[in-house]
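Here's the structure, in structure tokens; my notes come after.
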Amino acid sequence: MAYSSAMRITPIVTVLLLVTASCIKDTPDPPGGQTDTLNDRVEDWLSEMTLEEKAAEMHGSLGLSVDGLWGAGGNERLGIPAFQMSDGPRGVTAGASSTFPVPMGRGASFDPELEYQVAEVMALELVAKGGNVLLAPVVEVLRHPAWGRAQETYGEDTHHLGVMGAAFVQGAQTHVVATPKHFALNSIEDTRFDVDVTIDERSLRELYLPPHRDVVDAGAGAMMSAYNSVNGDYCGENAPLIRDILKGEWGFEGVIMSDWIWGTHDILGMVEATLDIEMPAPRFYGEALVEAVESGAVDEAMVDDSVRRILSTKLRFGLDIPEQVEPAVVESAEHVALTLASALSSMVLLKNDGALPLETGLAVAVIGPQAVDANLGDVGSSAANPTHAVGPLEGIEAAAAHHGATVSLVVLPEDTATADAVIVVVGLTANDEGEQIPFFPGSDRETLLLHTADVELIQAVAAVNPRTVVVIQAGSAIVVDPWVDAVQGVVMAWYPGMQGGTAMGQLLFGDANFEGRLPLTIPHDEADLPLFDAESFAVTYDYWHGYRHLDHNDTEPRFAFGFGLSYTTWSYESLQATTSEAGVTLTVSVQNTGDRAGAEVVQAYFGTTDIPDRAPRDLRAFKKVWAQPGETVEVVLEVKHEDLAYWDDGWNGASNWTIEVGSDHRTLPLSTTIAIE
Ligand code: BGC
């Protein structure tokens, strides 16, 4: 079977598309009682614009406005609105705003419906601040957890990332234009402005591009190109990526803008690639573009094509009639409650030898360098900040108060010896991992281990207290082998947002159940992953990373992709698979066999031996379900034929598949086989 186009809409996204179609703003009627269609209005504007005015639509306006927004284009004479942009993977960065867990934590929620709501809230807050373009989500595959910006993406798996990114786009675009970024293969920080990523066509098409294609299919109005180059061409002037694949094959109708300052290099390359907007200021476009057209070096039709896209995007999203949103929505009680829901769904219980939940009346000690202050994550372009953030101690104290428990903050491990339980809060900070910007602390990580002082603290506490629970705050995988056997509980909290401490308290005391599942693999050792070279300016990405890499090398992970414990247990039964014209439908019964209500993330992995060098099992569908004790949920998972295609000089389909279903990449109790004609 062969596919002529790369169209690929994941099942969950399809549902979201249907559910949300009605939420997306209708294109407003043109002002002045005219009945022109959107295209007529665009052509009218275009015919009235001078070459200079057209060129002015194609670049940013020199920096942040007083409101902390990045402007681009806009024409008072003709009444064309400007783009007003703000960053946003964890919240709007222009001024104080509702601050969510970082996307890696939200990826751990495996909950696209929640992600849709999170993005909707960010979009509303952006409109309240006068903005109309959100510079999010990041949909780059996490090739290696040492990437400094790992926290800004959703995880290592292509399918999961595409589903979460598409949900964000749909949610954000109820009010603003979303800008998935960075197109493409931007997953090293230290050399990000110049590194050239060499990649073969199959790995590019099957692993790295599908999440970008998913957000295009979800209707993204804008995209941002990456700094790095791919196969020899900088991404802002990469014609194979932008002109041929993004706009050509995928039919992207929105605008593509460069990444900031260092994302452009050569006007002719940019024009040939059809880069529409240079941000944040005209280095190569602007006057130079006007001159290039006048000298005949650039065809004005190329400029017209970009300006047409820019103007029609502005009209499609109703930017000419700005939505009115009260400033009071920013950090409203409702929005802050959603940051808590998001934090609760993101934390992953990695180990629990009976240490949790904490019971009523306990004397609990809290210790560690991250015990008090809230840790929101990176301080680079994604640095959203709230008016107040709840740190671990404050949150644990609040939960303890409901349980008649006492909480004491201690400094030395020996002071904890008499406590009933000890919570050790450790992890990374913006000094360890983050975006590499001149004069900022961010960089790629030097190690996947915790700081030596943190490990010594954990071991010292564990030596004196038999009920030691470690809470880690970090943006991606932490290798835990040096200390994990010594402790009774481990929680991966990520950078959990403004209500992170509250969520920690509620989960540790069992007021809420853990729902998070790992969106990445935690290896026993960094050597189990592919080499991460943050110094070289030439790297090669191949087909093997994350769980694929471990499977390929027959290596056991410490904690598998998709893994996460909770205060209840689940059983899986009755897997059935049927094929149809559209794809494969799976049904499975999942029962909550414990005595607590909880959530399970049902995961379906597909493998085939028809294709050489294929990973033995790839995630192709997941669904999060909630159930009361004893309750059974019938789960339906849909996989389209396109989602099973492989690349070999075009999309092709294999016939014989093994399907494994379960609760993580290594716990797959049910399996079946299918043959696709
Ligand atoms: C980052 C982008 C960000 C832009 C604007 C760049 O350095 O790579 O992700 O959107 O700055 O803040």
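The values are calculated or read from the model by the stated rules, or taken from the named source; none is laboratory data. The model shown is predicted, which means the values in this text are computed figures rather than measured ones. As a convention, Cβ positions derive from the backbone with ideal geometry for all residues, glycine included, and neighbour counts pool all protein chains shown.
Below is a table of values for the structure above.
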| quantity | calculated |
| --- | --- |
| The one condition in (1) outside any loop (DSSP other than H, G, I, E, B); (2) surrounded by 24 or more Cβ atoms within 10 Å (Cβ to Cβ) that THR198 fails to fulfil | (2) |
| Residue list for the range 180-196, filter: within 14 Å of ASP533 (Cα to Cα), over 17 Å from the mean Cα position of the chain (by Cα) and more than 9 Å from the ligand (Cβ to nearest atom) | ASP190, THR191, ASP194, VAL195, ASP196 |
| Members of the range 242-252 that are within 23 Å of the chain's Cα centre (by Cα) and either within 14 Å of the ligand (Cβ to nearest atom) or part of a helix (DSSP H, G or I) (or both) | ILE242, ILE245, LEU246, LYS247 |
| Check on ALA239, under 29 Å from THR37 (Cα atoms) and more than 16 Å from the ligand (Cβ to nearest atom) | no |
| Count of residues meeting criterion [of a type in the set (S, T, N, Q) and closer than 30 Å to ASP87 by Cβ] in the range 385-426 | 2 |
| Leading residue by the ranking (nearest to the ligand (Cβ to nearest atom)) among those in the range 258-268 that are surrounded by 21 or more Cβ atoms within 10 Å (Cβ to Cβ) and under 23 Å from the mean Cα position of the chain (by Cα) | ASP259 |
| Candidates VAL325, VAL255, VAL271, filtered to the one that is over 24 Å from the mean Cα position of the chain (by Cα) and either within 16 Å of the ligand (Cβ to nearest atom) or surrounded by 21 or more Cβ atoms within 10 Å (Cβ to Cβ) (or both) | VAL271 |
| Output for the range 307-331, where each listed residue is outside any helix (DSSP H, G or I), in contact (Cβ under 8 Å) with a residue 24 or more places away in the chain and not hydrophobic (A, V, I, L, M, F, W, C) | GLY318, ASP320, PRO322, GLU323, GLU326, GLU331 |
| Among (1) within 15 Å of the ligand (Cβ to nearest atom); (2) assigned to a loop (DSSP other than H, G, I, E, B); (3) of a type outside the set (A, V, I, L, M, F, W, C) - the single one HIS212 does not satisfy | (2) |
| Subset tally (residues that are outside any strand (DSSP E or B) and over 17 Å from THR540 (Cβ atoms)) for the range 168-189 | 13 |
| Test result for PRO357, in the same structural domain as TYR495 (by TED's automatic domain parsing), within 35 Å of the chain's Cα centre (by Cα) and within 24 Å of GLU515 (Cβ to Cβ) | yes |
| The listed residue being under 20 Å from LEU207 (Cα atoms) and acidic (Asp, Glu), out of ASP618, ASP595 | ASP618 |
| The lone exception for GLU535 - which of (1) under 25 Å from ALA477 (Cβ atoms); (2) not assigned by TED's automatic domain parsing to the domain that holds LEU349 it fails | (2) |
| Top-ranked residue in the range 503-551 [being closer than 30 Å to ALA400 by Cβ and among the small types (Gly, Ala, Ser); ranked as surrounded by the fewest Cβ atoms within 10 Å (Cβ to Cβ)] | GLY510 |
| Hey, GLU120 in contact with a Ser or Thr (Cβ under 6 Å, 6 or more places away or on another chain), surrounded by fewer than 24 Cβ atoms within 10 Å (Cβ to Cβ) and assigned to a helix (DSSP H, G or I) or not | yes |
| Criterion (within 14 Å of the ligand (Cβ to nearest atom), within 20 Å of ILE310 (Cα to Cα) and small (Gly, Ala, Ser)) met by exactly one of ALA222, ALA218 | ALA222 |
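Each row is one residue, and each column tells you yes or no for (1) surrounded by fewer than 24 Cβ atoms within 10 Å (Cβ to Cβ); (2) within 17 Å of VAL215 (Cβ to Cβ); (3) within 16 Å of the ligand (Cβ to nearest atom).
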residue: GLY130; (1), (2), (3): yes, no, no
residue: LEU135; (1), (2), (3): no, yes, yes
residue: VAL139; (1), (2), (3): no, yes, yes
residue: HIS144; (1), (2), (3): no, no, no
residue: TRP147; (1), (2), (3): no, no, yes
residue: ASP157; (1), (2), (3): no, yes, no
residue: VAL163; (1), (2), (3): no, yes, no
residue: GLN170; (1), (2), (3): no, yes, no
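Yes/no per residue for (1) under 21 Å from GLY68 (Cα atoms); (2) small (Gly, Ala, Ser):
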{"residue": "LEU126", "(1), (2)": "yes, no"}
{"residue": "VAL138", "(1), (2)": "yes, no"}
{"residue": "ARG143", "(1), (2)": "no, no"}
{"residue": "ALA146", "(1), (2)": "no, yes"}
{"residue": "ARG149", "(1), (2)": "no, no"}
{"residue": "THR153", "(1), (2)": "no, no"}
{"residue": "THR174", "(1), (2)": "no, no"}
{"residue": "PRO180", "(1), (2)": "yes, no"}
{"residue": "LEU185", "(1), (2)": "no, no"}
